[in-house]
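Student: The structure is given below, and queries will be raised subsequently.
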Amino acid sequence: MNHVFPRHCHASLPTAKSGDGCFIIDTHGKRYFDGSGGAAVSCLGHSNQRITDAIKAQVDSLAFAHTGFFTSDTAEELADLLIANAPGDIDRVYFVSGGSEAVEAAIKLARQYHLENGQPERRHLIARRQSYHGNTLGALSAGGNEWRRRQFAPLLVEMSHISACYEYAERSKGESLYDYGQRAANELESEILRLGPETVMAFIAEPIVGATLGAVPPVDGYYRRIREICDEYGVLLILDEVMCGMGRTGNLFACDAEDVSPDILCIAKGLGGGYQPIGAMLCTKQIYESISNGSGFFQHGHTYLGHPVATAAGLAVVRELLDHGMVAQAHQRGIHLEQQLRTKFAQNPHVGDIRGRGMFWGIEFVANRETKQPFDPALGLAGKLKKSAFEHGLICYPMPGTRDGKNGDHVLLAPPFIATEDELDGALDLLSRAIADVIPT
Ligand code: PLP
């Protein structure tokens with residue numbers, strides 16, 4: 001008898017028992033290399049003593065104090081540390097328990113900001129196709145993945161979706177990377193004009209698209225043009241770095257590499273590194289002050305905002321990232337990972353594209369490399385790849401529907417930054433075996 005409501009009702013899962021660096025060990029003693037950090041969560045592996053000590057120390061002194069009554073040292077220190085390293089004018093941190101909550105808070109803050117500024121007609125959120133922003137109804141409404149949205153469509157809030165910046169599939173023949181990026185970004189302007197600029201409140205995007213596209217970075221100039229358009233029309237720029245942030249791409253914040261800073265920024269996953277569930281919504285001084293000088297409070301909240309144990313874990317994680325050089329290591333190891341990915345897979349006739357940054361990489365599979373034609377979705381390739389890799393002892397994150405929610409397959413890799421070069425090479429060997437099992441050449 002079991003009573004847990006699992007993700008998949010008919011899957012039979014091993015029981016995870018312990019963690020050792022980059023490995024998870026099940027109750028039979030089998031070791032799995034965590035090549036995707038779960039879903040880009042476990043940036044520091046599974047047995048970091050400084051983080052577990054920080055959590056224990058916090059529980060020993062105080063497990064919980066409601067933020068309606070108290071602040072905590074760990075929340076204050078973590079916010080200071082994040083802001084000291086945050087892009088642009090980002091100045092305030094609103095701690096939540098995960099990525100979807102961070103996105104919900106961002107959407108509601110954008111709306112309240114415009115209300116407080118006397119622009120109540122600003123209500124439209126523009127997002128992108130093939131994005132993922134979470135599974136709560138607001139975040140799912142923003143997300144652009146058809147498969148995830150379809151059955152809940154009658155419940156979703158109406159939002160607009162423009163194209164992603166996905167040059168492998170969407171750049172025209174003969175078009176330069178730069179021109180493609182400007183064309184993709186200019187879709188935002190067209191959509192703002194279509195909706196009426198005075199009615200648009202914000203644009204949300206993942207700087208590097210994770211789960212639904214497989215680690216797709218933007219082309220150069222795309223985000224600078226996006227920022228320009230947002231500024232021109234008074235539209236807030238929300239960057240969702242839940243998956244790609246916190247050092248994953250070799251910068252603490254992924255947007256640092258794009259030379260833009262957002263008005264609102266969402267982080268989660270790597271912020272707690274899996275040691276605690278924690279996320280955060282960060283905003284600029286200007287947004288904060290318009291609330292602070294206006295109604296004086298953000299009309300939002302959850303019981304576990306700024307949980308002291310979660311913020312203790314987050315503080316220990318961010319100290320590892322910054323003081324113990326783990327962001328720099330993600331950059332360094334990422335160079336090796338990219339080289340090895342290209343060496344091992346670039347010649348495979350069914351590998352269409354290898355893309356990513358730092359310790360965040362995707363491989364997109366195609367039936368035909370010349371035409372970029374995806375495999376028949378009926379083959380269930382991504383699911384088979386996940387199963388085979390897991391049997392070989394590799395946790396990775398394959399996903400179908402890369403192109404349009406239905407067609408296309410990719411695998412996402414997001415290993416812990418502590419992985420050694422040998423461990424990464426070993427993981428790619430396991431991935432090769434899984435690919436050979438599932439896509440014979
Ligand atoms: N935003 C992005 C970019 C994500 O990748 C995810 C999760 O994969 C979320 C939001 C939702 O985060 P959570 O699953 O913690 O609610």
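Student: Considering each of Ala367, Ala378, Ala346 in turn, give the residue that is among the aliphatic types (A, V, I, L, M), more than 17 Å from Asp429 (Cα to Cα) and surrounded by fewer than 17 Cβ atoms within 10 Å (Cβ to Cβ). Working first, answer last.
Tutor: Details: Ala367 fails: surrounded by fewer than 17 Cβ atoms within 10 Å (Cβ to Cβ); Ala346 fails: more than 17 Å from Asp429 (Cα to Cα).
Residue meeting the stated conditions: Ala378.
Student: Kindly evaluate Ile83 against the criterion of being touching a strand residue (DSSP E or B) at 6+ places or on another chain (Cβ under 9 Å) and away from the ligand (no atom under 16 Å from the Cβ).
Tutor: Numbers: touching a strand residue (DSSP E or B) at 6+ places or on another chain (Cβ under 9 Å): yes; away from the ligand (no atom under 16 Å from the Cβ): yes.
Spelling it out, Ile83 is indeed touching a strand residue (DSSP E or B) at 6+ places or on another chain (Cβ under 9 Å) and away from the ligand (no atom under 16 Å from the Cβ).
Student: Let me ask you something else. Ser42: more than 16 Å from the ligand (Cβ to nearest atom) and touching a residue at least 24 places away in the same chain (Cβ under 8 Å), yes or no?
Tutor: Values: more than 16 Å from the ligand (Cβ to nearest atom): no; touching a residue at least 24 places away in the same chain (Cβ under 8 Å): yes.
The answer is no for Ser42.
Student: Give region 217-226 a look and list any residue that's open to solvent by less than 10 Å² (accessible area, probe 1.4 Å) and within 16 Å of the ligand (Cβ to nearest atom), or say none.
Tutor: If the condition is that a residue be open to solvent by less than 10 Å² (accessible area, probe 1.4 Å) and within 16 Å of the ligand (Cβ to nearest atom), then Tyr223 is the only one that fits.
Student: Kindly list, by first and then second residue, each pair from a residue in region 270-284 that is touching a residue at least 24 places away in the same chain (Cβ under 8 Å) to a residue that is among the basic types (Lys, Arg) and more than 11 Å from the ligand (Cβ to nearest atom), limited to pairs with Cβ atoms under 6 Å and residues at least 6 apart or on different chains.
Tutor: Close Cβ pairs (under 6 Å, with a partner that is among the basic types (Lys, Arg) and more than 11 Å from the ligand (Cβ to nearest atom)) amount to Cys283/Arg92.
Student: Please name all residue pairs, on different chains or six or more residues apart, with Cβ atoms under 7 Å, provided the first residue is in region 285-306 and is over 14 Å from Arg92 (Cβ atoms) and the second residue is polar (S, T, N, Q) and part of a loop (DSSP other than H, G, I, E, B).
Tutor: Sorted first by the residue in region 285-306, then by its partner, the pairs are His302/Ser97; Tyr304/Ser97.
Student: Still on this model: If I go through region 227-256 residue by residue, how many of them are open to solvent by less than 10 Å² (accessible area, probe 1.4 Å) and either within 21 Å of Met359 (Cα to Cα) or within 16 Å of the ligand (Cβ to nearest atom) (or both)?
Tutor: Qualifying residue count, region 227-256: 14.
Student: State all residues of region 14-42 that are among the β-branched types (Val, Ile, Thr) and surrounded by 14 or more Cβ atoms within 10 Å (Cβ to Cβ); if no residue qualifies, say none. Reasoning before the result, please.
Tutor: If we filter region 14-42 for residues that are among the β-branched types (Val, Ile, Thr), which is where we start, we get 15, 24-25, 27, 41.
Result: Ile24, Ile25, Val41.
Student: Failed condition for Ser172, given (1) of a type in the set (S, T, N, Q); (2) closer than 27 Å to Gly279 by Cβ; (3) in a loop (DSSP other than H, G, I, E, B), with all others met?
Tutor: (2)
Student: With the structure loaded, tell me whether Pro277 is open to solvent by 10 Å² or more (accessible area, probe 1.4 Å) and more than 19 Å from Leu322 (Cβ to Cβ) or whether it fails that test. Before the answer, list the steps.
Tutor: Details: open to solvent by 10 Å² or more (accessible area, probe 1.4 Å): yes; more than 19 Å from Leu322 (Cβ to Cβ): yes.
The answer is yes for Pro277.
Student: Tally the residues that are within 11 Å of the ligand (Cβ to nearest atom) and in a strand (DSSP E or B), restricting the search to region 257-280.
Tutor: 3
Student: State which residue pairs qualify: first residue open to solvent by less than 10 Å² (accessible area, probe 1.4 Å) and inside region 117-135, second residue more than 16 Å from the ligand (Cβ to nearest atom) and of a type in the set (Asp, Glu) in any location, beta carbons under 7 Å apart, and separation of 6 or more residues or different chains.
Tutor: That search, which allows pairs on different chains as well, returns Ile126/Glu191.
Student: I would also like to ask the following. Residue check: is Gln58 polar (S, T, N, Q), open to solvent by 20 Å² or more (accessible area, probe 1.4 Å), under 27 Å from the mean Cα position of the chain (by Cα) and more than 14 Å from Leu394 (Cα to Cα)?
Tutor: In short, no.
Student: Oh, and also: Out of the residues in region 102-138 that are under 13 Å from the mean Cα position of the chain (by Cα) and not in a loop (DSSP other than H, G, I, E, B), which is nearest to the ligand (Cβ to nearest atom)?
Tutor: Ranking the candidates gives Val103 first.
Student: Could you say which residue among Arg31, Arg7 is farther than 25 Å from Ala328 by Cα and within 16 Å of the ligand (Cβ to nearest atom)? Break it down into steps so the answer makes sense when it comes.
Tutor: Numbers: Arg31 fails: within 16 Å of the ligand (Cβ to nearest atom).
Just one listed residue meets the conditions, Arg7.
Student: Something else now. If I ask for residues that are within 19 Å of Ser47 (Cα to Cα) and among the hydrophobic types (A, V, I, L, M, F, W, C), which ones from region 9-32 would you list?
Tutor: Within region 9-32, Ala16, Cys22, Phe23, Ile24, Ile25 meet the criteria.
Student: If you don't mind, another one. Mind telling me which of the residues Tyr223, Tyr233 ends up being closer than 21 Å to Tyr132 by Cβ and not aliphatic (A, V, I, L, M)? Explain how you work it out, then say what you get.
Tutor: Working: Tyr233 fails: closer than 21 Å to Tyr132 by Cβ.
Of the residues listed, the single one that is closer than 21 Å to Tyr132 by Cβ and not aliphatic (A, V, I, L, M) is Tyr223.
The values are calculated or read from the model by the stated rules, or taken from the named source; none is laboratory data. Nothing here was measured: the structure is a model prediction, and the numbers come from that model. Using ideal geometry, Cβ is built from the backbone for each residue, glycine included, and neighbour counts are taken over all protein chains shown. Side chains are part of the model used for accessible areas, which takes the heavy atoms of the whole protein and leaves out ligands, DNA and RNA. Shrake-Rupley method; radii C 1.70, N 1.55, O 1.52, S 1.80 Å.
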